[in-house]
Amino acid sequence: MEGTRHAAVAAPPAGRRDGESVADDGVKAGPSPAVRVGIIVGASILVLLALVYGIRFLVYASAHETTDDATVDADEVQITSKIAERVDRILVDTNAPVRRGQLLVQLDDVDEKTRLAQARAAVDAQRAQARAAQENVALTAATQSAQNEQNRGSIAQADAAIRSAAQQAKSAAGQIAVAGAQVDAARAQLKVAQDAVPGALQNLRKASADLQRTTSLVSTGDLAASELDSVRAEYEAARSQYSQAVAQASAAQANLAEAQQRLAAQRYATSSTAAQVGVQEAQLTTAQGHFAESSAPERVGAEQAQADAAQAQVVSLDAQLATAQNNLNYTRITSPIDGYVGQKNTEIGQTVAPGESLLTLIPARHVYITANYKETQIGRMKVGQEVDISVDAYKGVKFVGHVDNLSPASQNKFSLVPAQNATGNFVKVTQRLPVRILVDRVENGRLADYALRPGMSVETSVKVK
């Protein structure tokens with residue numbers, strides 16, 4: 001029995017590892033002291049590492065707000081047409097890089113060129129009309145000035161004629177008085193001559209009677225023949241005086257008729273002269289009317305208004321010409337940015353409408369990150385805070401950026417049915433607010449070596465303190 005026990009003790013049981021001991025009573029003993037020290041040292045190292053990294057993690061976590069609800073984003077550009085036209089050429093394809101100002105799509109421009117030529121011809125014609133209208137203004141002003149001078153001369157001439165006619169009328173009125181005095185004088189002379197005729201006739205009759213009586217007495221011899229000659233001479237003298245008296249009466253009658261004729265003629269001349277004054281006054285009134293008509297400022301004003309209207313029409317047609325030129329320019333659709341063609345929505349031959357999307361451009365630069373943080377995370381966030389960024393596409397690459405801005409409202413606020421957490425029976429849900437982050441650099445590398453494409457998944461940690 002003892003030999004058997006010693007043999008059992010001498011031969012370690014199967015499965016015993018080095019460093020282990022077995023008690024005399026057959027019970028398995030613990031690890032050796034060396035193993036225990038190794039285990040304790042290893043555990044201490046693990047605990048120490050856990051403490052170091054745990055503390056670092058806690059410190060980092062307390063100073064940063066982190067989310068994986070983030071993505072690379074960019075302001076996509078929708079290339080649209082401003083006019084309704086047929087697509088003639090497409091010079092780019094999906095995913096192709098483009099430069100700012102590069103021609104992307106060429107629309108058919110035949111109709112636009114025709115309209116531009118029509119608009120240009122209309123502008124040229126209207127400008128010629130405007131120039132003619134403006135020249136008419138100057139011509140009207142010059143013509144009006146000449147007519148004014150002419151009408152002023154007519155007024156002065158009519159005024160002088162009126163004064164001359166008035167002077168002639170005044171002189172003629174004086175001549176009437178003279179002619180009337182001559183008529184009175186001729187009438188008086190006629191009366192004197194007529195009064196002398198009866199006396200001469202009596203003297204003639206007496207002389208005739210004396211002649212007859214003396215002739216009878218001489219024939220009878222009662223008187224001498226010499227007496228007859230004396231009586232005959234007296235008779236001849238009486239007859240001569242009578243004839244002279246009759247002649248003087250006739251002459252006085254003729255003088256009276258002539259004086260009366262002169263008076264009538266002078267009265268007619270005076271009446272004609274007075275009428276001439278009226279004629280000259282009428283001519284003065286006519287000349288004044290012509291002057292008022294020619295000097296009216298409305299004539300030049302009306303021509304100027306027509307010239308202004310023609311010029312305004314030029315401006316209107318210039319606007320139409322500019323529109324036609326713009327429409328022709330719109331047939332060439334160019335890229336407004338440097339970037340890539342993200343999506344092509346049109347084909348050659350398709351007729352596009354104004355505002356219809358033809359291409360979607362993705363900017364080559366100026367991309368940013370949209371991180372949707374919970375409302376409980378943004379309390380200490382501010383614009384300009386540093387952000388640690390990791391992109392799923394680039395494992396192990398650390399990007400560094402900063403907070404550019406914070407959204408003024410949560411995502412749900414812009415939805416069709418906004419959340420109403422504080423009223424009714426709705427369950428309160430933590431909202432997320434978009435935070436825009438700009439990428440500044442890459443640690444241990446160049447940012448240009450890492451292309452950030454919109455839609456990439458990102459994890460961001462904002463350093464809030």
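Rounded to the nearest 0.05, what FRET efficiency do Val110 and Arg131 give with R0 = 35 Å and r taken as the Cβ-Cβ distance? Could you check? With a Förster radius of 35 Å, E is 0.60. My understanding is that a pair violates if its Cα-Cα distance is over 26 Å; which of Lys374/Lys465; Lys82/Lys113; Lys398/Lys428; Lys374/Lys398; Lys344/Lys398; Lys344/Lys395 do that in this structure? Listed pairs above 26 Å: Lys398/Lys428; Lys344/Lys398; Lys344/Lys395. Charged side chains reduced to their Cβ positions (Lys and Arg at +1, Asp and Glu at -1) give the chain a dipole of some 940 debye around its Cα centre.
Compared with the dominant principal axis of the Cα atoms in the chain, helix 297-330 is inclined by about 20°.
Summed over qualifying helices (DSSP H, 4 residues or more, each -39500 (n - 2.57)) and divided by its residue number, the chain shows a 222 nm mean residue ellipticity of -20500 deg cm²/dmol.
A simple spin-label model places the labels of Lys398 and Gln325 5.8 nm from each other, with each point 7 Å out along Cα-to-Cβ. With respect to the chain, whose longest principal axis is taken over its alpha-carbon atoms, helix 110-220 is tilted by about 10°.
Using the Cβ-Cβ distance between Ala251 and Ala282 with R0 set to 41 Å, the FRET efficiency from 1/(1 + (r/R0)^6) comes to roughly 0.35. Using a simple spin-label model with pseudo-atoms 7 Å out from Cα toward Cβ, Arg239 and Ala96 lie 15.2 nm apart. Computing FRET efficiency as 1/(1 + (r/R0)^6) for Lys382 and Leu51, where r is the C-beta to C-beta distance and R0 is 35 Å, gives about 0.65. Under 5 Å from the amide H of Val98 lie the amide H atoms of Gly339, Tyr340, Val341, each residue being 5 or more positions distant or on a separate chain, with H modelled from the backbone and absent for Pro and chain starts. Annotation for Lys413 and Ser32: the two label points, set 7 Å from Cα along the Cα-Cβ direction, are 7.2 nm apart. Can you give me the angle between helix 225-294 and the longest principal axis of the chain, using Cα atoms only, in degrees from 0 to 90, rounded to the nearest 10? Tilt of helix 225-294: around 0 degrees. Between Asp184 and Lys374, residue separation times 0.36 nm minus the direct Cα-Cα distance comes to 54.5 nm. The protection proxy used here, the mean number of other Cβ atoms lying within 10 Å of each residue, ranks peptides 341-348, 139-146 as follows, highest first: 341-348, 139-146. For the chain, the relative contact order works out to 30 percent when only alpha carbon pairs closer than 8 Å and six or more residues apart are counted.
Listed from fewest to most Cβ neighbours within 10 Å, the set Asp318, Asp222 follows the order Asp222, Asp318. Residues within the reach of a label modelled at Asp440 (point 7 angstrom out along Cα to beta-carbon, backbone nitrogen below 20 Å), restricted to region 380-405, are 380-391, 397-405. For region 41-149, GluC sites (Glu not before Pro) are listed when DSSP marks them as loop and at most 14 other Cβ atoms sit within 10 Å of their Cβ; the list is Glu76.
All of the numbers you see were taken from the coordinates with simple rules; none came from a lab. None of these values were measured; they are calculated from a predicted model. Virtual Cβ from ideal backbone geometry, glycine too; neighbours counted across all protein chains shown.
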